[in-house]
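Notes to accompany the following structure.
The values are calculated or read from the model by the stated rules, or taken from the named source; none is laboratory data. The structure displayed is predicted, hence computed values, not measured ones. Here the Cβ is made from the backbone with ideal geometry for all residues, glycine too, and neighbour counts use every protein chain on show.
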Amino acid sequence: MLRRRIRPLAACLVLLLLSAACASEADDNLLSGESAQSDSDNSSPGSTDGSSSQGTDTLDWSDCGSGECAELDVPVDYDNPDGGTLTLSIERVPARGDRIGALFVNPGGPGGTATDFASQLAFLLPRDITDRFDIVGVDPRGLGSSDIDCGDNPDPQELYGVDYSIDSPEDTTALLDVSHEYVDACQANAGDLLPFLGTENVARDIDAVREAMGDEQLSYLGYSYGTAIGQELAQLFPDRIRAMVIDGVLELGPTGVELATEQAAGFETALQSYADACNDDSDCPLAPDAIAKIEELEAQVEQAPIPADPRDLGPGELSTGLAYPLYSPTLWGTLSEAVANALDGDGSDMVSLADQYLDIADTDIYFAVECLDADWPETPEELLAAGKAAAAESPHFGEPIVNDYVRCAMWPAEEKPLTAVTAPGTPPILVVSTTNDPATPYEAGVRTAERLENGVLLTHEGDGHTIVGQGDDCVDSAVAKYLVDLEPPEDGTTCD
């Protein structure tokens, strides 16, 4: 999810966190002579199993590294199918054995490229899954072959170099000025496409690829924002869903401010989990009170930037750098060192964390989707007031997260808010939710599973953003059993 810069990156973070496991898994596969490809050739077997049957695949596939790639032209506007088209980028890693069908995957975002994700995820998912499914990634419209570009004025470092925690009229002016500049650039460089980049159209694109591949039904695994795509697929095409798993749920129906406020609370929960672990560790440089040290640093950068390379550490860099490591406990040690070094007068490590976060984001498509998919305040002033209200409950992340969406109060394309999904007529939809997930709070998964007509909740007790394919045997076994045999776990199952 990265919902905000905190979110524009959430789903990209899924890709990043899985990549580390992917590298290790890939090394093991190479040593054992295995690969994510079929042992015999690079094309999908024609045999099928279960309810997903294979017709004629009309896509022109070609080798592209670890998988096969293709493109498909789809309508810009599905309400006007004879109008303009855009081109989707597609990648698949073919099933290694008897093919059940295609497992479409998406890492989230908005802004995560599903093509790269498919080839990496094929190394991470249980062999029971990769033997039986083509792992297929379709880059959402606005990425890949249909990439939009708002330009680099302002660039991400400028956009997130201002203070999102409003303490003065100068803070307000700086945030609104850089936001107006960014929105104007998006209108100038991508304005014609902006009304057509929402999640409903992304779901229709995936179904168009399913049809082009010749399959009657599809299976789906979506993370973070990818869960929104999955919910729309289920609502629009219930009879075309064979099986669906959504991990780290973005709840549909609440307003944009409500979603951002809840996410801020999720980051506060994750920050406290990090602090508790640090305080209990005698080797943590911020012990015995990590929160106090972080707040000391926040107060310092509000007074004056801390020297750093390649640029000084200010409030904007700090809020971004603090959020990034909360996606995974594997990054908590890096966060501790960055805070300690900044308090000692060198903010370079914290700026590096912020830049790593920004480097994996696609801010343009992120805002193009988020500003369409939810209902936002009519004016920037209303949104900033909502940020101030969120800070009362989430003092470290309320304003940085909510105020990031001030762009949506200025956005040139008309909103088309997504409504809550019940998806009648689908098979079971397995909803995986992690108790201390910072970006997509646990309760959002619980509510979504309850709302879906055939929702099944699988709880993962732990920290971090999403869990499927990250080495938890309990979760991965349940997901594999469902995808392959269509036998979901009992509703309410917990993995700890």
Kindly provide the set of residues from region 200-245 that are touching a helix residue (DSSP H, G or I) at 6+ places or on another chain (Cβ under 7 Å), more than 24 Å from Glu487 (Cα to Cα) and surrounded by 23 or more Cβ atoms within 10 Å (Cβ to Cβ), ordered by number.
Val202, Ile206, Tyr225
For region 144-196, which residues satisfy the criterion of being touching a residue at least 60 places away in the same chain (Cβ under 8 Å), in a loop (DSSP other than H, G, I, E, B) and of a type in the set (S, T, N, Q)?
Ser165
Just for region 307-321: of the residues that are assigned to a helix (DSSP H, G or I) and touching a residue at least 60 places away in the same chain (Cβ under 8 Å), which one is surrounded by the fewest Cβ atoms within 10 Å (Cβ to Cβ)?
Pro315
Can you tell me which of Glu370, Glu295 is part of a helix (DSSP H, G or I), touching a Cys at 6+ places or on another chain (Cβ under 9 Å) and at pLDDT 95 or above?
Glu370
Could you please let me know if Thr466 is closer than 24 Å to Glu268 by Cβ and within 18 Å of the chain's Cα centre (by Cα)?
yes
Note on region 121-143: residues in contact (Cβ under 8 Å) with a residue 60 or more places away in the chain, assigned to a loop (DSSP other than H, G, I, E, B) and in contact with a helix residue (DSSP H, G or I) (Cβ under 7 Å, 6 or more places away or on another chain) are Pro126, Arg132, Pro140, Arg141, Gly142, Leu143
Considering every residue within region 247-265, establish whether at least one is within 19 Å of the chain's Cα centre (by Cα), more than 30 Å from Leu383 (Cα to Cα) and touching a residue at least 40 places away in the same chain (Cβ under 8 Å).
no
Just to be sure before I move on: is Asp128 more than 25 Å from Ala361 (Cα to Cα) and charged (D, E, K, R) in the structure I sent?
yes
Criterion violated by Asp116 - all others in (1) over 14 Å from Val209 (Cβ atoms); (2) assigned to a helix (DSSP H, G or I); (3) at pLDDT 95 or above satisfied:
(3)
Pairs with Cβ under 7 Å, 6+ apart, first in region 473-489 and under 19 Å from Thr426 (Cα atoms) and of a type outside the set (D, E, K, R), second part of a loop (DSSP other than H, G, I, E, B) and at pLDDT below 95:
Leu486/Gly50
In region 206-252, what residues are of a type in the set (Gly, Ala, Ser), under 22 Å from Gly469 (Cβ atoms) and not in a loop (DSSP other than H, G, I, E, B)?
Ser219, Gly222, Gly226, Ala228, Gly230, Ala234, Ala243
Output the residues belonging to region 441-474 that are part of a strand (DSSP E or B) and either of a type in the set (Phe, Trp, Tyr) or surrounded by fewer than 18 Cβ atoms within 10 Å (Cβ to Cβ) (or both).
Glu461, Gly462
Condition first: closer than 20 Å to Gly266 by Cα, assigned to a helix (DSSP H, G or I) and of a type in the set (S, T, N, Q). Now tell me which residues in region 322-364 satisfy that.
Thr330, Ser336
Please verify whether region 475-483 includes one or more residues that are of a type in the set (A, V, I, L, M) and outside any helix (DSSP H, G or I).
no
Within region 69-102, residues touching a residue at least 24 places away in the same chain (Cβ under 8 Å) and part of a loop (DSSP other than H, G, I, E, B) come out as Val76, Asp77, Tyr78, Pro94, Ala95, Arg96, Gly97, Asp98, Arg99, Ile100
Is there a residue being in a helix (DSSP H, G or I), of a type in the set (Val, Ile, Thr) and under 30 Å from Trp376 (Cβ atoms) anywhere in region 272-291?
no
Can you pull out every residue in region 131-172 that is crowded, with 18+ Cβ neighbours inside 10 Å, of a type in the set (S, T, N, Q) and within 21 Å of Ser62 (Cβ to Cβ)?
Ser146
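For every residue, the table says whether it meets (1) among the hydroxyl-bearing types (Ser, Thr, Tyr); (2) under 22 Å from Asp437 (Cα atoms); (3) touching a helix residue (DSSP H, G or I) at 6+ places or on another chain (Cβ under 6 Å).
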| position | (1), (2), (3) |
| --- | --- |
| Ala264 | no, yes, yes |
| Glu268 | no, yes, no |
| Cys278 | no, yes, yes |
| Cys284 | no, no, yes |
| Pro288 | no, no, yes |
| Ile291 | no, yes, yes |
